[in-house]
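Since the structure comes first, as structure tokens, the remarks are kept for the end.
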Number of protein chains: 2
Amino acid sequence: MALQQLQAVNRSPGATRLRLLAATRSLLAAKGRRGTTTREIADQAGVNEATLFRQFGSKDALVDACVEHYCSTVELQELLASLDGDLERDLQRIASALIQRMENVRDLIVMSLAEENADGTVGEAAWRAPTAIKKIVADYMAKRIAAGELSGNPLFLARFFMGMVFSYVMGRKRFPEEYAADPPAVVEFQVGLFLNGARKV
Amino acid sequence: MALQQLQAVNRSPGATRLRLLAATRSLLAAKGRRGTTTREIADQAGVNEATLFRQFGSKDALVDACVEHYCSTVELQELLASLDGDLERDLQRIASALIQRMENVRDLIVMSLAEENADGTVGEAAWRAPTAIKKIVADYMAKRIAAGELSGNPLFLARFFMGMVFSYVMGRKRFPEEYAADPPAVVEFQVGLFLNGARKV
DNA sequence: GCGTTATGCAAGTAAGTACTTGCACTTAGC
DNA sequence: GCTAAGTGCAAGTACTTACTTGCATAACGC
């Protein structure tokens with residue numbers, strides 16, 4: 001009548017690790033790094049605390065592995081491939097991908113913001129994809145400036161564009177009641193404002 | 001030869017409290033709420049840990065008092081008074097006040113972002129001023145839309161405008177090397193882009 | 001079947017941390 | 001000068017938490 005028989009969880013080699021990573025992530029998002037205990041993580045993963053340490057060695061190593069695991073950068077190529085030359089549509093695709101991406105790692109981004117003055121290397125991984133995308137966007141802006149379709153400093157434009165998405169994602173976190181979930185309309189609004197401004201012509 | 005004679009600090013009633021508040025703030029910014037210990041705060045304030053508790057009762061009360069102390073809202077009236085009717089200049093004044101304001105409480109904003117899923121009421125105070133300003137901005141946008149100078153949804157415009165500043169301030173925190181400290185030019189750039197967009201005409 | 005490996009379990013260790021307390025001393029107000 | 005309030009200091013309490021350990025048991029490869 002041991003407990004592990006009752007819950008009948010998957011005991012295959014990688015499954016425990018994955019459950020621990022998932023639990024770690026959700027608890028990190030909810031309570032932050034220091035607010036999350038290894039006991040909680042183990043409980044939520046349906047795993048004994050000792051197993052956590054046997055698998056990852058330390059809490060820090062677990063957190064690092066968690067961030068690494070949830071911050072892959074593979075979607076960038078797809079983004080590049082989907083650009084087809086129409087300025088507005090391209091920007092909408094970029095913004096859409098950015099929103100999706102940032103929403104996914106929003107909790108980790110906030111955590112890295114809060115801890116960047118501290119010791120951890122968490123920030124590095126969480127910002128890797130956005131930083132890479134920023135370069136892509138800057139290059140894209142430069143091309144369109146050269147083509148005479150945009151004006152301004154490509155780096156500034158890229159920063160502004162990224163910031164637009166960033167503030168939207170963060171705003172939805174802080175004031176969820178004000179931000180109805182309507183991503184396509186948001187993307188259109190943002191890109192429209194970015195291209196044409198708010199001034200009535 | 002007691003230590004307090006050597007450092008010859010001000011021992012007036014409010015001075016200890018102020019030193020504790022200042023130390024609390026700088027440590028909160030550096031290491032977050034949970035990462036900061038009462039011993040550290042007391043040390044940095046040049047005060048004994050027991051005094052901290054005699055003054056504030058608990059660590060939570062100290063943090064609350066700290067946030068409250070550094071998040072006053074008085075500058076809003078000055079902002080309103082400085083608006084003079086010229087659309088671009090008004091927006092620049094608003095943006096400038098916003099940047100200054102958000103830079104001042106940037107650390108507390110980040111802290112509140114990281115802790116909003118937790119228990120604390122810290123977020124409330126840190127976001128009070130920005131939220132109030134957002135209302136002002138939205139009203140301002142509505143007026144200018146009614147006057148035929150702007151187009152769009154006033155709330156969306158306000159959100160976008162605030163987000164512009166927010167992402168700039170946060171970006172400077174995360175990537176300080178990329179953001180040269182040139183606030184006036186930044187304000188001009190942002191307001192220009194907000195009004196006219198990036199598209200070459 | 002059998003050894004290896006991963007896990008559960010329970011207990012424990014060591015360190016950190018919020019908070020307290022009793023006493024001596026200094027300072028400020030009267 | 002005297003009292004009272006504020007502080008320094010040192011020790012201590014109660015609790016949390018990362019991490020360990022020894023043993024029993026279940027699953028997997030051969």
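Consider B:Glu149 against the criteria (1) open to solvent by 50 Å² or more (accessible area, probe 1.4 Å); (2) more than 7 Å from chain A (Cβ to nearest Cβ); (3) in contact (Cβ under 8 Å) with a residue 40 or more places away in the chain: it satisfies all of them except one. Which criterion is unmet?
(2)
Can you give me the number of residues within the range A:39-49 that are without any contact (Cβ under 8 Å) to a residue 24 or more places away in the chain and open to solvent by less than 40 Å² (accessible area, probe 1.4 Å)?
Looking only at that region, the number is 2.
Got a sec? Which of B:Arg19, B:Arg25 is farther than 26 Å from B:Trp127 by Cβ, crowded, with 16+ Cβ neighbours inside 10 Å and away from DNA strand C (no atom under 12 Å from the Cβ)?
Numbers: B:Arg25 fails: farther than 26 Å from B:Trp127 by Cβ.
One residue alone meets the criteria, B:Arg19.
Of these, B:Ala114, B:Ala50, B:Ala81, which one is more than 13 Å from the chain's Cα centre (by Cα) and within 14 Å of chain A (Cβ to nearest Cβ)?
B:Ala114
State all residues of the range A:182-191 that are in a helix (DSSP H, G or I) and more than 8 Å from every other protein chain (Cβ to nearest Cβ); if no residue qualifies, say none.
Residues satisfying the conditions are A:Pro183, A:Pro184, A:Ala185, A:Val186, A:Val187, A:Glu188, A:Val191.
Just one of A:Ala129, A:Ala95 is open to solvent by less than 40 Å² (accessible area, probe 1.4 Å), at pLDDT 85 or above and away from chain B (no Cβ under 11 Å); which is it?
A:Ala95
Look at B:Val63 and say whether it is open to solvent by less than 10 Å² (accessible area, probe 1.4 Å) and β-branched (Val, Ile, Thr).
yes
Can you pull out the residues in the range A:56-79 that are within 16 Å of DNA strand D (Cβ to nearest atom) and either within 16 Å of A:Arg25 (Cα to Cα) or outside the structural domain of A:Leu20 (by TED's automatic domain parsing) (or both)?
If the condition is that a residue be within 16 Å of DNA strand D (Cβ to nearest atom) and either within 16 Å of A:Arg25 (Cα to Cα) or outside the structural domain of A:Leu20 (by TED's automatic domain parsing) (or both), then A:Phe56, A:Ser58, A:Lys59, A:Asp60, A:Ala61, A:Leu62, A:Val63, A:Asp64, A:Ala65, A:Cys66, A:Val67 are the ones that fit.
So B:Tyr179 ticks every box in (1) at the interface with chain A (Cβ under 10 Å from one of its Cβ atoms); (2) part of a helix (DSSP H, G or I); (3) free of Cβ contacts under 8 Å to residues at least 40 places away in the same chain but one. Which box is left unticked?
(2)
For the range B:100-111, what are the residues that are β-branched (Val, Ile, Thr) and more than 13 Å from chain A (Cβ to nearest Cβ)?
B:Val105
From the list B:Leu155, B:Leu195, which residue is in contact with an Asp or Glu (Cβ under 9 Å, 6 or more places away or on another chain), surrounded by fewer than 20 Cβ atoms within 10 Å (Cβ to Cβ) and at the interface with another protein chain (Cβ under 7 Å from one of its Cβ atoms)? If you could, list the steps in order and put the result at the bottom.
Numbers: B:Leu155 fails: at the interface with another protein chain (Cβ under 7 Å from one of its Cβ atoms).
Only one candidate qualifies: B:Leu195.
Of the numbered conditions (1) hydrophobic (A, V, I, L, M, F, W, C); (2) more than 8 Å from chain A (Cβ to nearest Cβ); (3) within 18 Å of B:Ala97 (Cα to Cα), B:Phe166 satisfies every one except a single condition; which is it?
(2)
The values are calculated or read from the model by the stated rules, or taken from the named source; none is laboratory data. Please read these numbers as outputs of a predicted model, since none were measured by experiment. When we count neighbours, we look across all protein chains shown, and the Cβ atoms used for this are built from the backbone with ideal geometry, even at glycine. Just the protein is used for accessible areas: all its heavy atoms, side chains included, with ligands, DNA and RNA removed. Shrake-Rupley method; radii C 1.70, N 1.55, O 1.52, S 1.80 Å.
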